[in-house]
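The values are calculated or read from the model by the stated rules, or taken from the named source; none is laboratory data. None of these values were measured; they are calculated from a predicted model. No Cβ is skipped: glycine too gets one built from the backbone with ideal geometry, and neighbour counts run over all protein chains shown. Calculation scope for accessible area: heavy atoms of the full protein, side chains included, ligands and nucleic acids excluded. Shrake-Rupley method; radii C 1.70, N 1.55, O 1.52, S 1.80 Å.
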Amino acid sequence: MTSLAGLRVIDAATLFAGPSAAMMLGDFGADVVKIEHPRRGDPSRGHGASVDGVGLWWKTLSRNKRAAAVDLSRPEGQRVLRRLAERSDVLVENFRPGTLERWDLAPADLLELNPRLIVARMTGFGQVGPMAGRPGFGTLAEAMSGFAAMTGEPDGPPTLPPLALADGIAGLAMSYAVMVALHARERTGRGQVIDMAIIEPILGLLGPQMTAYRALGVVPPRTGNRSSSNAPRNTYRTRDGRWLAVSTSAQPIAERVVTLVGRPDLVAQPWFATGSGRVRHVDELDEAVAAWIAERDADEVIARFEEAQAAVAPIYDVTDIAEDPQYAALGTFLDVPDEELGTVTMQNVLFRLSDTPGEVRWAGRRLGRDTDEVLGELDYGPEEIAVLREAGVIA
């Protein structure tokens, strides 16, 4: 038995943040019904690499979801969603504020139909404020959160991540928020509305920047691969041309690293006792570590670090990840049977539960594949379904 068996989730969101939250719920057994526009589908179907026009990112993002194509801008489609909301536990949506209300699908109205419903609203800027009505994507959150301002080399430009970072963080946060709301429902018997702005969760991972700014006027600088909190921390090139990452967030690890590279005299310095003290002497520390690593091949460096119980890891690209024995031992990736592509390799669920583990049951499905099945569960008869299909309300 999976943890969330018996829970029904409506995924009426698009692209990445909202759908990724629904995906995580589906990974642990929730029955997730993915609602897409009958003709356009979710734009994420066309993002990233594809095989014969079938998007590969989609296969992961919409795994474990039943695919129903319903035009929610049409009154008949709105009736479908109301029926579905009456029989569901969670609705995840990311329309601009006011859209559901314009479609007579306001959260307050849906909660009248089903007082136990959790309405999870994911938008770029939240439901209130001067920017609430603007289109918002993760890139804007990465810009406005301070992430881009503190990422990159000190003499270089602000740098955006090459991935949907803020969306992914917001998806994780929303899956947590949904579980909190469901737990509260067990106590109160009532559902509620979750208002999540994509610009906020990423802030929580950037450290106490506002706390330090208010207290000390500190503005985080760009430090490249260095840390503003501890040193040495950087990427270093080995004699055989490979790159390794070294971290010394814990004081004992910092002592082991610097001793290993032949500079125990630095450990004896008063300033070495704190991360902030080491940051003030980062050039000296980096020079010592970089010079020692540059004289050795990567395998020797890793072996010596492991003997010293110091923290080091190779810089991987996907070809290295595919061959790594640690990922293999964890079962991080698996091959999933797929109706369109035969099999698709994707990352497994994010964590392992001993009693009620998650499971990837199927990959993302073709547009509208499960529409008839879902409507049949809502007491639509074959003739009614045919009329809706003829009218273009469903696909």
Gyration tensor on Cα atoms of the stretch 70-181, a ≥ b ≥ c root eigenvalues, a/c under 1.5 rounded, else prolate if a/b beats b/c, else oblate, says prolate
Have a look at L113, F147, L56 and report the one farthest towards the positive end of the charge dipole of the chain, computed about the Cα centre with Cβ charges (Lys/Arg +1, Asp/Glu -1).
L113
Count the net charge of all other residues whose Cβ sits under 15 Å from the Cβ of R74, scoring Lys and Arg as +1 and Asp and Glu as -1.
+1
I'd like the antiparallel share, as a percent to the nearest 5, of DSSP beta bridges with both residues in the chain.
45
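Pick out, in residue order, every one of the trypsin sites (Lys or Arg not before Pro) in the stretch 171-203 that is DSSP loop and has at most 14 other C-beta atoms within 10 Å; say none if there are none.
Numbers: sites: R185, R187, R190; in loops: R190.
Within the stretch 171-203, the qualifying trypsin sites (Lys or Arg not before Pro) (loop, at most 14 other Cβ atoms within 10 Å) are R190.
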Only Lys, Arg (+1) and Asp, Glu (-1) charged, at Cβ; the chain dipole about Cα centre in debye:
1000
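Suppose every Lys and Arg Cβ carries +1 and every Asp and Glu Cβ carries -1, with no other charges. What dipole size does the stretch 2-53 come out with about its Cα centre, to the nearest 20 debye?
Details: 5 positive and 6 negative charges, 34 e Å.
About 160 debye.
With Cβ to Cβ distances under 13 Å as the rule, what net charge do the other residues near P161 carry (K, R +1; D, E -1)? Present the calculation step by step, with values, prior to reporting the outcome.
Numbers: positive: none; negative: E142, D167.
With Lys, Arg at +1 and Asp, Glu at -1, the neighbours total -2.
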Protein-only accessible surface order, largest first, of H183, H47 at 1.4 Å
H183, H47
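Could you compute the net charge surrounding L205? Neighbours are other residues with a C-beta less than 14 Å from the C-beta of L205; K and R count +1, D and E count -1.
On the way: positive: none; negative: E142, D167, E200.
In short, -3.
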Which of the three applies to the stretch 100-254, rounded, prolate or oblate, going by the alpha-carbon gyration tensor with a ≥ b ≥ c and a/c under 1.5 meaning rounded?
prolate
From a point 7 Å beyond the Cα of T274 in the direction of its Cβ, which residues of the stretch 194-228 have a backbone N at a distance under 20 Å?
207-221, 227-228
For a label point 7 Å along the Cα-to-beta-carbon line of A108, residues of the stretch 11-30 with backbone N under 15 Å:
none
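Rounded to the nearest 500, what is the 222 nm mean residue ellipticity of the chain from helices alone, with -39500 (n - 2.57) per DSSP H run of 4+ residues and division by all residues? List each step's numbers first, then the result.
Values: 18 runs with 154 residues, N = 395.
It comes out at -11000 deg cm²/dmol, rounded to the nearest 500.
Rounded, prolate or oblate for the chain? Axes are the square roots of the Cα gyration tensor eigenvalues, ordered a ≥ b ≥ c, and the cut-off for rounded is a/c under 1.5.
On the way: a/c = 2.53, a/b = 1.91, b/c = 1.32.
The shape class here is prolate.
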Label point 7 Å out from D320 along Cα-to-Cβ: which residues of the stretch 275-293 have amide N under 19 Å?
289-293
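Working out 0.36 nm times the residue gap between Q209 and D372, then minus their Cα-Cα distance, what length gain in nm do you get to one decimal? Let's see the in-between values first.
Values: separation 163, 0.36 × 163 = 58.68 nm, distance 5.04 nm.
Residue separation times 0.36 nm, minus the Cα-Cα distance, leaves 53.6 nm.
In debye, nearest 20, what is the charge dipole magnitude of the stretch 233-314 about its Cα centre with +1 on Lys and Arg Cβ and -1 on Asp and Glu Cβ, if you could check? Don't skip to the end; give the middle numbers.
Working: 10 positive and 13 negative charges, 47 e Å.
Once rounded to the nearest 20, the dipole reads 220 debye.
To the nearest 0.05, what FRET efficiency results for Q347 and V387 with a Förster distance of 56 Å applied to their C-beta separation? Show your work: numbers first, answer last.
Working: r = 41 Å, r/R0 = 0.74.
Efficiency at R0 = 56 Å is approximately 0.85.
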Could you give the length gained by full extension between S354 and E306, i.e. 0.36 nm per residue of separation minus their alpha carbon distance, to one decimal place?
14.3 nm
